[in-house]
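The values are calculated or read from the model by the stated rules, or taken from the named source; none is laboratory data. From a predicted model like this one, the values you see are computed outputs, not experimental measurements. Cβ: placed from backbone, ideal geometry, glycine included. Neighbour counts: every protein chain shown. We work out accessible area using only protein heavy atoms, side chains counted, and drop any ligands, DNA or RNA first. Shrake-Rupley method; radii C 1.70, N 1.55, O 1.52, S 1.80 Å.
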Amino acid sequence: MQLLDGTSCSQEIRQEIAEQVKTITKNGDRPPHLAAVLVGSDGASQNYVAWKVKDCEEVGFASTTIRMNESTTEDELLAKIDELNTDENIDGFIVQLPLPAHIDENKIILAIDAKKDVDGFCPENIGNLCLGLPTFISATPNGIMELLRRYNIETKGKNCVVLGRSNIVGTPMAILMSRNTNPGNATVTLAHSRTENLTELCASADILIVAIGKTEFVTAEMVKEGAVVIDVGQTRVTDASKKSGFRNVGDVDFDNVKEKCSFISYTNGGVGPMTRASLLQNTLKAHQRR
Ligand code: NAP
């Protein structure tokens, strides 16, 4: 079994990006600039945005965090998005999800200019992804593709099961794995909560990508001998022994599954750091495309 080390892969990507930023600024241009809009005070969202700012600093990007109160109205947020869409000093921006319940997330995503949608969530970017046209691929599936690429994992002709069909992970992941690319060219099944015979289906997968948010859901009997298993899940569970008071638990029962796998990613240090690196790649791309 080989562990898919997202931390070291993402470090490589950051170094590559930092080199490109040096060239950009040496040539007299301003560095790429990412903005993040944070509405409310959700603890996990605050952490995610803080990491994004730190990542920007590390590679030499500029970053701006826009904090808005929990009571921000939909119209106020839409007005802020309008401002960011037209601000020439900002190459790309994200609106950290989830939003407070009184704000319609779809309406917000639809308002973001596709050219600045570095999260790759808006219909134009998802449509381009389906057609294989230049786009911003949403960060988590893009990070997983990069992990497969950097570990030279053969995907062509393989049976790939993607478990979970969210708009931000499972669905774009299934599209990417089925496209005529490398990695890609897999025969993909997109499974979800209504899928029948899930154990047998997962056990038939050469590549199993799990993004459901159910702790340790995938057990050893659901995994084929020699399979590649990618665990996207990250659920916070209370843990008094940790300084933070919690730990992240994945969707895969790692300890019991790992010995059956040729490659496996662990919830910590696997997909998460690759997701962060992908957002930087998208921001650099947005800067290049201006
Ligand atoms: P989501 O929007 O919560 O959707 C969950 C998906 O899993 C749905 O399609 C649901 O099916 C399916 N599902 C739920 N229970 C299931 C079951 N028992 N059997 C089969 N399918 C089931 O998910 P998400 O936003 O993609 O997040 C999934 C997990 O990935 C979470 O733990 C999240 O924190 C993590 N995540 C990690 C990263 C990272 O960078 N590491 C990034 C994004 C997400 P239905 O559609 O039928 O309801």
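In loop segments of the stretch 221-279 as defined by DSSP, the trypsin sites (Lys or Arg not before Pro) with at most 16 further C-beta atoms inside 10 Å of their C-beta are Lys242, Lys243.
For the chain, the relative contact order works out to 21 percent when only alpha carbon pairs closer than 8 Å and six or more residues apart are counted. Across the stretch 79-94, computed HN-Hα scalar couplings (Karplus, 6.51 cos²θ - 1.76 cosθ + 1.60, θ = phi - 60°) run 5, 5, 5, 4, 4, 5, 4, 9, 7, 5, 8, 10, 7, x, 8, 10 Hz from first to last residue, x flagging Gly and Pro. Compared with the direct C-alpha span, the chain from Lys26 to Ser166 gains 46.3 nm at full extension, assuming 0.36 nm per residue. Scoring 111-117, 91-97, 214-220 by mean Cβ neighbours within 10 Å over their residues and listing the highest first yields 91-97, 111-117, 214-220.
Counting only protein heavy atoms and a 1.4 Å probe, tell me what percentage of the stretch 163-206's accessible area is made up of carbon and sulfur.
Working: 990 of 2230 Å².
Carbon-and-sulfur percentage of accessible area, whole number: 44.
Mean separation of Cα pairs under 8 Å and 6 or more residues apart, divided by the residue count, gives the stretch 89-206 a relative contact order of 20 percent. Annotation for the stretch 113-168 versus the stretch 20-82: alpha-carbon center distance of 22 Å. Cross-link pairs exceeding 31 Å in C-alpha to C-alpha distance, out of Lys52/Lys224; Lys158/Lys214; Lys115/Lys258; Lys80/Lys285; Lys54/Lys156, comprise Lys52/Lys224; Lys115/Lys258; Lys54/Lys156. Loop-located GluC sites (Glu not before Pro) in the stretch 52-148 (DSSP state other than H, G, I, E, B) with a sparse environment of at most 12 neighbouring Cβ atoms within 10 Å: Glu70, Glu88. Distance between the 7 Å Cα→Cβ label points at Asn106 and Glu19: 4.4 nm.
Here the dipole of the stretch 132-253 is about 480 debye; that uses its Cα centre as origin and unit charges on the Cβ of Lys and Arg (positive) and Asp and Glu (negative). Think of the chain as a dipole: +1 on every Lys or Arg Cβ, -1 on every Asp or Glu Cβ, centred on the Cα centre; then among Tyr48, His192, Leu4, Leu4 lies furthest on the positive end. Shown is the FRET efficiency for Glu70 and Asp113, computed with R0 = 35 Å from the Cβ-Cβ distance and rounded to the nearest 0.05: 0.85.
With a cut-off of 8 Å between alpha carbons and a minimum separation of six or more residues, what is the relative contact order of the stretch 139-272 in percent?
Contact order relative to length: 22 percent.
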